[in-house]
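Let me give you the structure first, and then I'll get to my questions.
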Amino acid sequence: MLSTHISSGFDTDLNKVFSAVLAMGGLVEEQLGVALGLLLSPDPTVVSRVLEGERQINTLEVSLDQQCLAFIARHHPAAGDLRLILVLIKVINDLERIADEAEKVAKLSGGLDLKRVQGIISMGALVQGMTHDVMAALGGLDTDAAFTIAAREPESDRLRNRMQKQFAAEEDMLDYIWVIRALERIADHVRNICEYIVYCTEGKDVRHTDIEHIKR
Amino acid sequence: MEGFSLYYHATQALNNIDLVVPRHRVTALIGPSGCGKSTLLRCFNRMNDLIDGTHISGRAWLDDLDIYAAATDVSTLRRRVGMVFQKPNPFPKSVYENVAYGLRIQGVRGKSVLDDAVEQALRGAALWDEVKDRLHDSALGLSGGQQQRLVVARAVAVGPEVLLLDEPASSLDPLSTLRLEELIQELKRDYTVVIVTHNMQQAARLSDYTCYMYLGALIEFNETEALFTNPREQMTEDYVTGRYG
């Protein structure tokens, strides 16, 4: 994907950090998948596993940030390489936050009756798909895919609004609201990663810009 | 510069350069060895005239002065456009005489006038505090970093408008290099500075604008921050990232 650097040590170290961030993405995806599975089949043992996974991801966040800093200190990257390492640092942060939201979903899973709320499962599937696809887009630094994935984020807002309207007349729905908010936040983090991919590949900072405007 | 090309006999060393050097800013020239950056630097004060077989086409201007016009007085041009070379080259004279040299050639004679000018130039080159008690010692006894700042003082003493620096830190240790870079930042308040450097981090640290050159052509001129974070040209990207292919 990246063209060859004159210093093979540069490529080795950069690819090592890049691969480690993609692997972290794989762990986060797994956490999210397990947390969403708990909504359908609550199981305290599996919740403990998610909590343990979350601790591992926190440790990984610290270690990967350190690797990125060491890379900058050692290699002084510029231009596209500088943007990539900066983006990886930001992606690490968003992945850790996605894992936090997955942990919230797992913790709340025991007290929910999904028959009461239409749409949580659809919303879970939406954000799970977005999370998977954004990691693939990051791996390939695929700008087109990033645009396509980011365009799915408003759907999570729509689902959240629809469900919150549904809850307005009901009592004891706080846990449902927390789960829906967690899922909606995950979609926001995925969109952030899409924006970082565009910055990395195009050199354009598109944060706080709507998708149609970005494409123009 | 407008459509400026330079040839050594039949060999073209600079190819159709269009460039406006911003006043009171530091402009860095970067590029691989042999790309023409030192040649371009030397065009600003016609140092290339000293090489046999050199001829040019196009125009180069210093404000309204046509640098290569037949009527242009080269000595006056070089007083307006000073130069500092890669290796410190103080004269084998005292610190004081090194700085006063150019002024004496210009006919300045009064001792107090010279004393003031020497002190001002040494202060301007951030060297005064280190040498004020040894002004009449040999300049060759100074460290490499001090010698290079002395050469800067010698250049600024005659009141140039532009300072050309040809890899001025390449023979200095890291601390002397940083001190010189600090000085260059100060100098841009009073002078327009053009610097050739092989050290891309140095260009990124101290320049406001950067030119990337390749095979005698100017590939990209851009604000330094943009050139090192998001260059316009793929060739620049490949060079500043150290990538090829």
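Cβ contacts < 6 Å: first residue within 14 Å of another protein chain (Cβ to nearest Cβ), restricted to the range A:6-31; second residue in a helix (DSSP H, G or I) and open to solvent by less than 50 Å² (accessible area, probe 1.4 Å), any location; separation 6+ or different chain. Result?
Pairs that qualify, where the first residue is within 14 Å of another protein chain (Cβ to nearest Cβ) and the partner is in a helix (DSSP H, G or I) and open to solvent by less than 50 Å² (accessible area, probe 1.4 Å), are A:F10/A:H75; A:D13/A:F71.
Being closer than 30 Å to B:M235 by Cβ, of a type in the set (S, T, N, Q) and more than 14 Å from the chain's Cα centre (by Cα) narrows it down to one residue among B:Q201, B:Q146; which is it?
Values: B:Q146 fails: closer than 30 Å to B:M235 by Cβ.
From the options B:Q201, B:Q146, the qualifying one is B:Q201.
Going by what's in this entry, would A:D133 be described as within 16 Å of A:L32 (Cβ to Cβ) and open to solvent by less than 10 Å² (accessible area, probe 1.4 Å)?
So A:D133 does not fit the description; no.
Only one of (1) within 14 Å of chain A (Cβ to nearest Cβ); (2) touching a residue at least 12 places away in the same chain (Cβ under 8 Å); (3) surrounded by 22 or more Cβ atoms within 10 Å (Cβ to Cβ) is not met by B:T241, so which one is it?
(2)
I would also like to ask the following. What is the residue count in the range B:161-189 for residues that are open to solvent by less than 30 Å² (accessible area, probe 1.4 Å) and among the small types (G, A, S)?
2
Report yes if some residue within the range A:60-75 is under 21 Å from A:N15 (Cα atoms), in contact (Cβ under 8 Å) with a residue 60 or more places away in the chain and not aliphatic (A, V, I, L, M); otherwise report no.
Going through the range A:60-75, the residues under 21 Å from A:N15 (Cα atoms) turn out to be A:60-75.
Next cut, in contact (Cβ under 8 Å) with a residue 60 or more places away in the chain only: A:74-75.
Right, trim to not aliphatic (A, V, I, L, M) and you get A:74-75.
Checked the range A:60-75: at least one residue is under 21 Å from A:N15 (Cα atoms), in contact (Cβ under 8 Å) with a residue 60 or more places away in the chain and not aliphatic (A, V, I, L, M).
Considering only residues that are open to solvent by 40 Å² or more (accessible area, probe 1.4 Å), in a helix (DSSP H, G or I) and at the interface with another protein chain (Cβ under 10 Å from one of its Cβ atoms), which ones fall in the range B:190-233?
B:M200, B:Q201, B:A204, B:T229
Among the numbered criteria (1) touching a helix residue (DSSP H, G or I) at 6+ places or on another chain (Cβ under 7 Å); (2) in contact (Cβ under 8 Å) with a residue 24 or more places away in the chain, which one does A:N93 miss?
The single condition A:N93 does not satisfy is (1).
Out of all the residues in the range A:51-58, is one or more touching a helix residue (DSSP H, G or I) at 6+ places or on another chain (Cβ under 8 Å) and small (G, A, S)?
Among the residues of the range A:51-58, at least one is touching a helix residue (DSSP H, G or I) at 6+ places or on another chain (Cβ under 8 Å) and small (G, A, S), which makes the answer yes.
Within the bounds of the range B:28-38, is there any residue that is in contact with a Ser or Thr (Cβ under 9 Å, 6 or more places away or on another chain), of a type in the set (S, T, Y) and in contact (Cβ under 8 Å) with a residue 24 or more places away in the chain?
No.
Looking only at the range A:71-94, how many residues end up being away from chain B (no Cβ under 14 Å) and in contact with an Asp or Glu (Cβ under 8 Å, 6 or more places away or on another chain)?
Number of matching residues: 3.
For (1) surrounded by 22 or more Cβ atoms within 10 Å (Cβ to Cβ); (2) in a helix (DSSP H, G or I); (3) not polar (S, T, N, Q), each residue gets a yes or a no:
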| position | (1), (2), (3) |
| --- | --- |
| A:L51 | no, yes, yes |
| A:Q56 | no, yes, no |
| A:L60 | no, yes, yes |
| A:L86 | no, yes, yes |
| A:V105 | yes, yes, yes |
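Taking only the range B:198-245 into account, find how many residues are acidic (D, E), closer than 23 Å to A:S3 by Cβ and in contact with a Ser or Thr (Cβ under 7 Å, 6 or more places away or on another chain).
1
If we only count strands (runs of 3 or more DSSP E) wholly inside the range B:1-57, which ones have 1 or more residues that are open to solvent by 50 Å² or more (accessible area, probe 1.4 Å) and of a type in the set (D, E)?
B:2-8
Let me ask you something else. Taking the range A:32-49 only, how many residues are free of Cβ contacts under 8 Å to residues at least 24 places away in the same chain, open to solvent by 60 Å² or more (accessible area, probe 1.4 Å) and either assigned to a helix (DSSP H, G or I) or within 19 Å of A:V190 (Cα to Cα) (or both)? Break it down into steps so the answer makes sense when it comes.
Narrowing the range A:32-49 to residues free of Cβ contacts under 8 Å to residues at least 24 places away in the same chain: A:37, A:41, A:43, A:45, A:48-49.
If we keep only those that are open to solvent by 60 Å² or more (accessible area, probe 1.4 Å) too, we end up with A:41, A:45, A:48-49.
If we keep only those that are either assigned to a helix (DSSP H, G or I) or within 19 Å of A:V190 (Cα to Cα) (or both) too, we end up with A:45, A:48-49.
Looking only at that region, the number is 3.
The values are calculated or read from the model by the stated rules, or taken from the named source; none is laboratory data. Keep in mind the model is a prediction, meaning the values are calculated, not measured. Cβ sites come from the backbone with ideal geometry, for glycine too, and all protein chains shown count toward neighbours. Quick note on the areas: whole protein, heavy atoms, side chains included, nothing else; ligands and nucleic acids left out. Shrake-Rupley method; radii C 1.70, N 1.55, O 1.52, S 1.80 Å.
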